[in-house]
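The structure appears right after this line, and notes come after that.
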Amino acid sequence: MNKKREREEYLEVLWRIKEDGIEDPDYLKNAFGSDFEPTIIEDLEQAGHILTGDNGSIVTLTDAGYEYARKIIRAHRIAEKLICDALGGDFESGACEFEHILNTDLVDSICVLLGHPRRCPHGKPIPQGDCCKTAARTVQSPVMPLTELESGMSGRVAFINYSDDMQIYKMDTLKIKPGGMIKLLQKSPSFVVSCEGGDVALDDAVASNILLWKEGGQFNAGGENMLGPGKCRRKRGFGFMRRKSA
Ligand SMILES: [Zn+2]
Ligand SMILES: [Zn+2]
């Protein structure tokens with residue numbers, strides 16, 4: 001593993017410590033076990049990315065380190081989303097390679113393509129990029145929210161922007177998932193859809209977070225279903241959300 005990559009792995013763990021509010025002072029050390037390398041900490045401090053305490057044990061991210069880590073986390077989670085939703089691959093191994101390669105422009109392009117997803121497949125928030133802030137949705141986006149579908153029309157689910165764990169659970173129960181077909185039966189007084197799990201009413205917030213491929217969308221051309229059920233090799237249910245690698 002090269003030095004740059006090693007430093008980035010440490011920054012990633014430091015981000016997670018902050019994000020999850022982990023208070024264990026040995027968490028960083030334990031995360032790398034016998035591979036823990038104190039010189040990486042020195043390198044990061046010299047680069048101005050972290051601050052260490054007097055005894056060298058307390059480590060916090062500086063503003064610059066936070067921004068750097070934010071980019072890595074964003075690349076990692078966008079890559080997970082791409083691999084899981086659009087390519088149907090094993091995102092656990094693939095995303096770790098991507099995060100060190102992707103530059104900001106490329107990450108933003110993928111973000112646009114995916115419709116600016118807010119959560120990774122683990123349900124963790126994806127830090128926003130400039131693309132998300134300036135244009136919530138752009139003309140290039142091949143997806144549209146369920147709320148824009150005409151009543152009586154059907155569409156194929158591209159992905160779902162989960163806002164919380166409860167939603168993941170609900171969508172799982174209803175069998176609303178990437179690749180599945182969904183038909184909009186009515187829009188008012190509430191959204192009612194027909195899906196694999198039956199006919200169900202959805203509130204506006206949930207409906208607007210279900211993204212469908214537009215007709216002729218890039219991954220849907222020729223009627224080829226690249227998002228078939230089970231193609232995304234993630235664990236189902238709640239187990240996958242407790243992984244450390246999230
Ligand atoms: Zn974006
Ligand atoms: Zn994740």
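The values are calculated or read from the model by the stated rules, or taken from the named source; none is laboratory data. Keep in mind that what you see is a predicted model, and the values were worked out from it rather than measured. Heads up, the Cβs are rebuilt from the backbone with ideal geometry, glycines too, and the neighbour counts pull from every protein chain shown. Surface accessibility is based on the protein's heavy atoms, side chains included, excluding ligands, DNA and RNA. Shrake-Rupley method; radii C 1.70, N 1.55, O 1.52, S 1.80 Å.
Listed by position, the helices (runs of 4 or more DSSP H) enclosed by the stretch 1-82 that each have at least 2 residues that are touching an Asp or Glu at 6+ places or on another chain (Cβ under 6 Å) and among the aliphatic types (A, V, I, L, M) are 63-81. Kindly check whether there is at least one residue in the stretch 44-51 that is in the same structural domain as PRO121 (by TED's automatic domain parsing), surrounded by fewer than 20 Cβ atoms within 10 Å (Cβ to Cβ) and under 23 Å from THR104 (Cα atoms). Yes, the stretch 44-51 contains at least one residue that is in the same structural domain as PRO121 (by TED's automatic domain parsing), surrounded by fewer than 20 Cβ atoms within 10 Å (Cβ to Cβ) and under 23 Å from THR104 (Cα atoms).
You will find that of CYS111, CYS84, the residue that is within 12 Å of ligand 2 (Cβ to nearest atom), open to solvent by less than 60 Å² (accessible area, probe 1.4 Å), closer than 18 Å to ILE210 by Cα and not aliphatic (A, V, I, L, M) is CYS84 and no other.
Here the stretch 124-163 is the region considered, the condition is being within 15 Å of ligand 2 (Cβ to nearest atom) and at pLDDT below 90, and the residue that is most open to solvent (accessible area, probe 1.4 Å) is TYR162. Output the residue which, of all residues in the stretch 95-108 that are open to solvent by less than 20 Å² (accessible area, probe 1.4 Å) and of a type outside the set (D, E, K, R), is nearest to ligand 2 (Cβ to nearest atom). So, considering only residues that are open to solvent by less than 20 Å² (accessible area, probe 1.4 Å) and of a type outside the set (D, E, K, R), the one nearest to ligand 2 (Cβ to nearest atom) is ALA95. Checking CYS111, CYS84 one by one, the residue that is more than 16 Å from ligand 1 (Cβ to nearest atom), modelled with pLDDT of 75 or more and under 17 Å from PRO142 (Cβ atoms) is CYS84 and no other.
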